Amino acid sequence: MTKQKVFSEKQLPQNIQSYLEEHVDLKVWDKSTQMPRELLLKEIKDVQGLITTGSAINEELLQQAPELKAVSTISVGYNHFDTEAMRKYKVIGTHTPYVLDDTVADLVMALMLSAARRIPELDAMTKRGEWKKGDDNPRFGVDVHHKKLGIIGMGRIGETIAKRGKNGFDMEVSYFNRSRKPEVEEKLHIEYKSKDDLLSESDFIVLMVPLSPETKHFIGEKEFKQMKNSAIFINASRGQTVDEQAMIEALQKGEILAAGLDVFEQEPVEPTNPLLTMKNVVTLPHIGSATAETRNAMAMLAAKNLVAALTGKGTYYSV
Ligand code: 8YV
């Protein structure tokens, strides 16, 4: 039987490439840079499977890929999938849940600690040789332990963050979610709060909702005004879940104390973005899942998802 054709727009580790080659006829974009859209549109003309990380899988692409049966993204988030159009063209979409939960939760804790204890700012100061003996008040941060942590979005990653906050840092953890999760409340000893209560009572607010039309600008001017002036806001979901201009103003006016951001409305973040000049904002280049182990596990899961979806053998995580 002839193997089905698969194109990967991302370079893959050798063991994953070998796994794919056993099952499919594989072609890979051989550069580490983002593949230009027009080249992708050429490559997908005669393939049955596509491995992607963030390219828009929309009507424009689907129209030009008459043979396409499955698209596998190496990410848990799939806001780049137009799921309605994919259904229309009978194209299966798969993603990579579970394998990145701990890694992303670790990064969220790192952002909380970094913003609260001013780690990047004081690291830079120390390296500049500006550590002088005497009054260290200007370097005071705020505690993380025993504080109130409010998590917006209680999915798999939200739960993993709750565990760390509760068990690792003795925090009082509450959450807001579209649907209440009594079994998680019982298991983790966390409390459900309305969005308003969570925003006005939490010391740390972590946003972990998937991006969809309902969650675009889920946090904006009104929500920042509801937060305590001492609140630290963390976003490791998607940049568009926050009205970035409103966040900039809230930080400038001192309506919140600090922020830890792994994601931005525009990625890569524009060099002129005012957030990049704020000492009380920790900025990262979307590295939530970016450890060698986790990215390998995600790529392997994406490969297995695709093979299962194309061959009809085995299970896959459909979106
Ligand atoms: C991805 C992410 O690795 O999984 C997600 O949804 O945000 C990241 O972990 C990133 O989108 C690149 O694929």
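The values are calculated or read from the model by the stated rules, or taken from the named source; none is laboratory data. Every value quoted in this text rests on a predicted model; they were computed, and no experiment measured them. Reconstructed Cβ throughout: ideal geometry from the backbone, glycine too, with neighbour counts over all protein chains shown. For accessibility, only protein heavy atoms count, side chains too; no ligands or nucleic acids. Shrake-Rupley method; radii C 1.70, N 1.55, O 1.52, S 1.80 Å.
Between the helical axis of 14-23 and the longest alpha-carbon principal axis of the chain there is an angle of about 40 degrees. Between LYS195 and ASP170, the modelled labels are 3.4 nm apart [label points 7 Å from Cα along Cα→Cβ]. How far is helix 292-311 tilted off the main Cα axis of the chain, in degrees rounded to 10, range 0 to 90? It is inclined by approximately 30 degrees.
Here the Debye sum runs over all C-alpha atoms of the chain as equal scatterers in vacuum, and log10 of I(q)/I(0) at q = 0.11, 0.13, 0.16 Å⁻¹ comes out as -0.76, -0.98, -1.28. When the C-alpha to C-alpha distance is required to be over 27 Å, the pairs from LYS45/LYS304; LYS222/LYS279; LYS163/LYS195; LYS163/LYS304; LYS10/LYS42 that qualify are LYS163/LYS304.
Looking only at the chain, where both bridge partners belong to it, what percent of the DSSP beta bridges are antiparallel (to the nearest 5)? Given both bridge residues lie in the chain, the antiparallel proportion sits at roughly 5 percent.
Charge dipole (Cα centre; +1 on Lys/Arg Cβ, -1 on Asp/Glu Cβ; no other charges) of the chain amounts to roughly 400 debye.
Estimated from the Cβ-Cβ distance and a Förster radius of 51 angstrom, the FRET efficiency linking LYS216 and ARG128 is about 0.80.
Estimated from helices alone, the mean residue ellipticity of the chain at 222 nm is -10000 deg cm²/dmol (sum of -39500 (n - 2.57) over DSSP H runs with n ≥ 4, per residue).
What FRET efficiency would be calculated for the residue pair THR33, HIS145, taking the C-beta separation as r and a Förster radius of 51 Å, to the nearest 0.05? Computed FRET efficiency for THR33 and HIS145: 0.75. Selection among ASN273, VAL104, GLN48 by position relative to the dipole of the chain gives GLN48 as farthest towards the positive end (Cβ unit charges, Cα centre).
Here the label points at SER179 and ASN296, each 7 Å from Cα along the C-beta direction, are separated by 3.6 nm in the simple model. Of the accessible area of segment 96-165, computed with a 1.4 Å probe over protein heavy atoms only, carbon and sulfur atoms account for 54 percent. With protein chains left intact and a 1.4 Å probe, residues in segment 266-319 average 57 Å² of accessible area per residue. When ARG178, ARG295 are compared by accessible area at a 1.4 angstrom probe, the order from most to least is ARG178, ARG295. Each peptide in 84-94, 226-236 receives the mean, over its residues, of other Cβ atoms within 10 Å, and ordering these scores from highest gives 226-236, 84-94. What segment 13-118 shows is 47 Å² of accessible area per residue, with the surface traced by a 1.4 Å probe over protein heavy atoms. Once the chain from ASN280 to ASN137 is taken as fully extended at 0.36 nm per residue, the excess over their C-alpha distance is 49.9 nm. A protection proxy built from the mean count of other Cβ atoms within 10 Å ranks the segments 264-272, 211-219, most packed first, as 211-219, 264-272.
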